[in-house]
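The values are calculated or read from the model by the stated rules, or taken from the named source; none is laboratory data. Quick caveat, the model's predicted, so the values are computed rather than measured. All Cβ positions, glycine included, derive from the backbone under ideal geometry; neighbour counts span all protein chains shown. What goes into the accessible areas is simple: the full protein's heavy atoms, side chains included, and nothing from ligands, DNA or RNA. Shrake-Rupley method; radii C 1.70, N 1.55, O 1.52, S 1.80 Å.
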Amino acid sequence: MLSSMEKSIAELRETFKNGGTKSISWRKSQLKALLQLINQNEDSIFKALDQDLGKSPVESYRDEVGVLKKSVTYTLSCLEKWVAPKKAEVPLLFFPAKAEVMPQPLGVVLIFSSWNFPFTLALDPLIGAISAGNTVLLKPSDLAPACMSFLVETIPKYLDNKAVKVLAGGADIGERLLQLKWDKIFFTGSPRVGRLVMAAAAKHLTPVTLELGGKSPAIVDTLSTTPSKAKVTAKRIVGGKWGPCTGQACIAIDYVLVEEKLASTLIELLKKTIKRFYGENIKSLKNISRIVNKHQFQRLVNLLKDPNVADSIVYGGSVDEEKLVIEPTILLDPPLDSEIMSEEIFGPLLPIITLKNIEESIDFINSKSNPLVIYAFTEDDTFKKRILSETSSGTVTFNDSMVQFLCDSLPFGGVGQSGFGRYHGKYSFDTFSHEKSIMHRGFYPEIEPRYPPWTDFKLLFLKLAYQFDYFGLILLLLGFKRS
Amino acid sequence: MLMENKAENKAVFDAESAKEVVKELRDSFVTGKTKSHRWRVTQLKAMLKMLDENEPQIVAALRDDLSKPEFESSLYEIQMLKNSCRLALKEMNHWMMPEKAKTSLTTFPSSAEIVSEPLGVVLVISAWNYPFLLSLDPVVGAISAGNAIVLKPSEMAPASSSLIAKLVADYLDSSCIKVVEGAVPETSALLEQKWDKILYTGNGRVARIVMAAAAKHLTPVVLELGGKSPVIVDSNINLKVATRRIIAGKWGCNNGQACISPDYIITTKDYATKLVDSFKCELERFYGKDPLESKDLSRIVNSNHFDRLSKLMDEEKVSSKIVHGGQRNEKNLQIAPTIFLDVPVNSLIMKEEIFGPLLPIITVDKVEQSFDLIHSSGGKPLAAYLFTNNKKLKRKFVETVSAGGLVVNDTAVHLAIHSLPFGGVGESGMGSYHGKFSFDAFSHKKAVLYRGFAGDAFLRYPPYTPGKLTLLQALLSGSIVGIIRALLGWFWA
């Protein structure tokens, strides 16, 4: 007796087997339908995001709706190009052979999305999976319940139910899904759960993409350039910390590294900017999301409980448990072995770590596991080169924060503990495809020496052939080379 | 702690030893040594030298382990490896260069690139059937990408494993490239450690263990596995050429013990007899009347596999279907090229990957039915082959058969095409390598975005007003017209 979950998945498999998702026209129609879904339901989407996370429409548009529209439009315009087989070079030895690589859908894929960008992190991978011709089961996070309900109710109204399904539920549903066989699993979330996903996938040899997180640092070296650049730096840091879901983002700035002597300048600039953007204090807080739930709220509050950490607060620190709000908080040099400096913060607390010399940032960053992003505000080209070659991260962004997310031609993914695999733009298409190698030969000409019984002559012939030493081959055939 | 004592008491290589090895390599990697172009070139040149100067020894080791004919050893192991080194040496500069990426109006002004960097300390676990190729080809990739490496050759090819360990220690930089010999305990000890990448060649059962171990450390993996690679044979073809090419890909490659070996044939009932006759003729031409006497066939690797293959041959409903061959010599671990006609689809020989010199032929009424048979057989194989002159059939094959790689009108040769990624899908594996794909497999492609301070879009920041929303919509869409209109205060429809 199959459960309803197993029946759904069986249907997805059947649809895929029957070629329902293969045609470009089907894929395009689904993508267009997704675009329509977004266009026609913007207000509901804004409402759900406000309900789950307190996001304002501008933030929701900037980080979710707009990003998705852009992604679908870009994919629609490139799809035919991506689906086309690519020619591969064949050595003269095999003339007149042809070789090509043809992308093929993997089959039935499972997408787990996270609660902090409940639309982007669910639908952007979905765009990739559909464009590559797969059937999909989407499991949104139940920690953003209004958004999850919206997806469960609305997707069936726009997309092909036999090929795209959405399943509501919590961790238990997730666990059950992981017991089944998939052709690909795409997971966005924490390293801890990432391990569980990969371990489950190992049982079926299912390839996975893990989009995880880490402590993404911002190196600040531009405060002593010009006042306007210093101001822009501060804006971009503030925008990159509290802008995305009040710091609850895998690519949010986790902590800042700055030279000792510039710390107070930085803090002053940050304070001014925070007040301008978000209000004077916790009572007048605006333009900022809230903490997703009590559990996360408590976790963040606990980070500040350590008296040494609490002592290092130089701005903010107030919390409102009822509204699940923590005001933008800056800490100056909390103890390096405190939890706030060893765990990914994922919230509105910004530690500033001071160094004698900004070049020490490199060793500091390398003492922690590879982050998803390294932000570096510097105009020193040598320093930039050092950062690039001596640190490892999914991405490096110079002199800004967050915007790399909007760059469709850049792969988005981690390395080491921040994950593996990547997506965005064509990388989304690729991550849900199998690149199949194809070689076409004719029956002529024949390379006789391939066949036994083998002789020294045949061996020499093939050695030369393998080295593509065509001149040598000619000599051999003309009798000028001896074996 | 790991004593190099080739006499009876070898120190136990346990988790502690493995940890030390990894630590040593990590320390080496952190110095940046393996990142330098010069180091990579030196190592690859050293490997070329190693292969040049030790061909007879390599051939001898392969003869010991597999009775592999010199021809195969020379070409499919040594020559392929040399080619790999040469290609990497030639192209590495190009591969190492950052790749420019386009940026759109949305992030103007900016520039972007993708920088390749080594993953760090990687583990290569290789197989016994092509012990040199499958050990050192991934190592070539790992070196060219700038990593430190541990290589674990297969203990089922002991002479090769031992020779590899010796040669690598003699020729390559042992502070950055090490060989760990051993069997299950040593492999388990290695798998407990944290690697930055693992490339495993072998079977699905062990692959699951490798991936589960990798999951603990979030280590990405490449798994090069196998499967039942089918050959569809149509009529109206040059039968002689097709037969010879199938023989070359099957028995000419380690006597069928290869991951891309033609596993079974599907042909029409009408054509089957002709096909069988052609095989008989060509097999005799290649291997003589008594194939067990031929020097051009590898033997079966060990008695376990010999017994496994014997079991496949002796299954009641199968043994009666032999139409050619069947000779065996247990002492010498030899099995002659053996062909079966119309074994039951649910027989053992049709259920698991054969990996040996047995070739079942399944017949169908119409050649198009082959595709259903392949799809219903379960897992996706590493390779699939088709012999035909029919354009429509080729098209259907290419579009519908899911496998790691496909070849039309030949077998196995796609391995030699470095511009084609070599890897599986589904049960036949994940990830790929060869050529630049090897470099990529062992690299992290880091995205880099350069921004300046001009052009700060005020509308990214609070306070968030409806006007900003409109402007944002225009900016994100990247449309110049939209942006101008929005900027001029006209509302986006």
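General remarks:
- Amide hydrogen neighbours beyond the local backbone of A:Ala88, cut-off 5 Å, H modeled: A:Ala99, A:Glu100, A:Val101
- Karplus-based coupling profile of segment A:342-347, in residue order and whole Hz: 10, 9, 5, 6, 6, x, with θ = phi - 60° in 6.51 cos²θ - 1.76 cosθ + 1.60 and x standing for Gly or Pro.
- Within chain B, the proportion of C-alpha pairs whose separation exceeds 34 Å stands at 45%.
- Distance-filtered residues of segment B:50-90 - backbone nitrogen under 20 Å, label point 7 angstrom along B:Asn203 Cα→Cβ: B:65-67
- Packing-based ranking of B:132-141, A:79-88 yields B:132-141, A:79-88, ordered from highest to lowest mean Cβ neighbour count within 10 Å.
- Sites A:Arg299 and B:Ser174 - FRET efficiency at Förster radius 41 Å, r taken between beta-carbons, to 0.05: 0.30
- Of B:Met156, A:Met198, B:Met97, the order by accessible heavy-atom surface (1.4 Å probe, DNA, RNA and ligands excluded), from most exposed downward, is B:Met97, B:Met156, A:Met198.
- Extended-chain gain in nm, criterion 0.36 nm per residue less alpha-carbon gap, A:Lys81 and A:Ser44: 9.9 nm
- For chain B, the 222 nm mean residue ellipticity estimated from helices alone, with every DSSP H stretch of n ≥ 4 adding -39500 (n - 2.57) and the total spread over all residues, rounds to -13000 deg cm²/dmol.
- Span from the segment B:307-386 Cα centroid across to the segment B:185-208 one, whole angstrom: 30 Å
- Scoring A:24-32, A:428-436, A:469-477 by mean Cβ neighbours within 10 Å over their residues and listing the highest first yields A:428-436, A:24-32, A:469-477.
- A:Thr382/B:Asn93 FRET efficiency (R0 22 Å; Cβ-Cβ; nearest 0.05): 0.45
- The Kirkwood hydrodynamic radius of chain A, based on inverse pair distances between different Cα atoms, is 25.0 Å.
- Cβ neighbours within 10 Å from other chains - mean over A:191-203: 4
- Two-site FRET efficiency, A:Ala310 against B:Asp52, from Cβ-Cβ distance with R₀ of 60 Å, rounded to 0.05: 0.35
- Entries of B:Lys100/B:Lys468; A:Lys81/B:Lys394; A:Lys157/A:Lys181; B:Lys35/B:Lys90; A:Lys70/A:Lys294 with Cα pairs more than 24 Å apart: B:Lys100/B:Lys468; A:Lys157/A:Lys181; A:Lys70/A:Lys294
- Spin-label pair B:Glu352/B:Lys216, simplified geometry with 7 Å Cα→Cβ offset, distance in nm: 2.8 nm
- Ellipticity at 222 nm from helices only: DSSP H runs of n ≥ 4 in chain A, each -39500 (n - 2.57), divided by the residue count, give -13000 deg cm²/dmol.
- At least 18 Å along the helix axis (C-alpha) and Kyte average at least -1.0, DSSP helices within chain B: B:15-30, B:37-53, B:80-96, B:131-144, B:158-171, B:204-216, B:269-287
- Among the listed pairs A:Lys231/A:Lys384; B:Lys280/B:Lys317; B:Lys321/B:Lys392; A:Lys86/A:Lys458, those whose Cα-Cα separation exceeds 24 Å are B:Lys321/B:Lys392; A:Lys86/A:Lys458.
- A protection proxy built from the mean count of other Cβ atoms within 10 Å ranks the segments A:151-162, B:298-309, most packed first, as B:298-309, A:151-162.
- Residues B:Ser235, B:Ser73, ordered by accessible area of protein heavy atoms at a 1.4 angstrom probe radius and largest first, appear as B:Ser235, B:Ser73.
- Once C-alpha pairs closer than 8 Å and six or more residues apart are averaged by separation and normalised to the residue number of chain A, the relative contact order reads 17 percent.
- Exceeding the 19 Å Cα-Cα cut-off - candidates B:Lys269/B:Lys366; A:Lys229/A:Lys286; A:Lys55/A:Lys241; A:Lys215/B:Lys446: A:Lys229/A:Lys286
- Relative contact order computed over chain B (Cα-Cα under 8 Å; 6+ residues apart), in percent: 17 percent
- Measuring heavy-atom accessible area with a 1.4 angstrom probe and counting protein chains only, the residues of segment A:31-67 that give up at least 20 Å² relative to the chain alone are A:Val58, A:Tyr61, A:Arg62.
- Taking only the alpha carbons of the protein assembly as shown, we obtain Rg and Dmax values of 30.0, 95 Å in that order.
- Shielding value for B:392-405 is 3, the average number of Cβ atoms from other chains within 10 Å of each residue's Cβ.
- Look at the alpha carbon pairs under 8 Å that are at least 6 residues apart: their mean separation over the length of segment A:227-378 gives a relative contact order of 29 percent.
- Shielding by partners - mean other protein chain Cβ count within 10 Å, residues of A:447-459: 6
- Histogram of C-alpha separations across segment B:238-299, 5 Å bin width, %: 4, 18, 25, 27, 17, 7, 2
- Residues A:Leu143, A:Leu53, A:Leu92, ordered by accessible area of protein heavy atoms at a 1.4 angstrom probe radius and largest first, appear as A:Leu92, A:Leu143, A:Leu53.
- Using a 1.4 angstrom probe on protein heavy atoms only, the contact between B and A buries about 8600 square angstrom of accessible area, both sides summed.
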